[in-house]
Amino acid sequence: GYGYGGQQQRQQRTGSQQDSHLQAAANYINNGYYKEALNVLANMENRTATWYYYSALANRGVGNNMIALEHAKQALAMEPNNWQYQNLVTQLGGWYQSQQRSYGYPMGGSDYCMKLCLLNLACNMCCSGGMCCGPRVYF
């Protein structure tokens, strides 16, 4: 009984176990139990596009936005035509870009105060506080 039929039966059991774990993770996510969803997902070996999508949702729920973005991108790479995956990548990518603007790139946008401070610093370094740049300003 371990021939092809036994292998097929084992694959079906594994597939249904995979499906039940994914369903449990989905239920946890839908009810806001993101850590529990991550625990279920962590115990799964077969990481499909759906697995990465659920992991992205659960990670976003616990505040792991970088991991969420990486997993959403992985799900989309595995199934590029899936609109849910595309939508999640867009949402998470928008969050990431707003964080970059807020923290990572202070020279972007209209941050004139920062630009003036850097200009003042450059003048002070170049002119040693001499008259070419006006009086030295300390903060």
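Quick rundown of the values:
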item	result
Breaking point among (1) within 22 Å of Gly93 (Cβ to Cβ); (2) crowded, with 16+ Cβ neighbours inside 10 Å; (3) at pLDDT below 95, for Met66	(2)
Where Gly32 falls short, out of the listed (1) surrounded by 14 or more Cβ atoms within 10 Å (Cβ to Cβ); (2) out of contact with any Gly (no Cβ under 6 Å at 6 or more places or on another chain)	(1)
Test set (1) of a type outside the set (D, E, K, R); (2) part of a helix (DSSP H, G or I); (3) modelled with pLDDT of 95 or more - Gly32 fails condition number	(2)
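Results for (1) modelled with pLDDT of 95 or more; (2) open to solvent by 40 Å² or more (accessible area, probe 1.4 Å); (3) among the hydrophobic types (A, V, I, L, M, F, W, C), shown as yes or no for each residue.
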site	(1), (2), (3)
Asn39	yes, yes, no
Glu45	no, yes, no
Tyr52	yes, yes, no
Ser55	yes, no, no
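The values are calculated or read from the model by the stated rules, or taken from the named source; none is laboratory data. These numbers come from a predicted model, not from an experiment. Ideal geometry is used to build each Cβ from the backbone, glycine not excepted, and the neighbour counts take in all protein chains shown. For the accessible areas, the whole protein counts, side chains as well, though only heavy atoms, and no ligand, DNA or RNA atoms are used. Shrake-Rupley method; radii C 1.70, N 1.55, O 1.52, S 1.80 Å.
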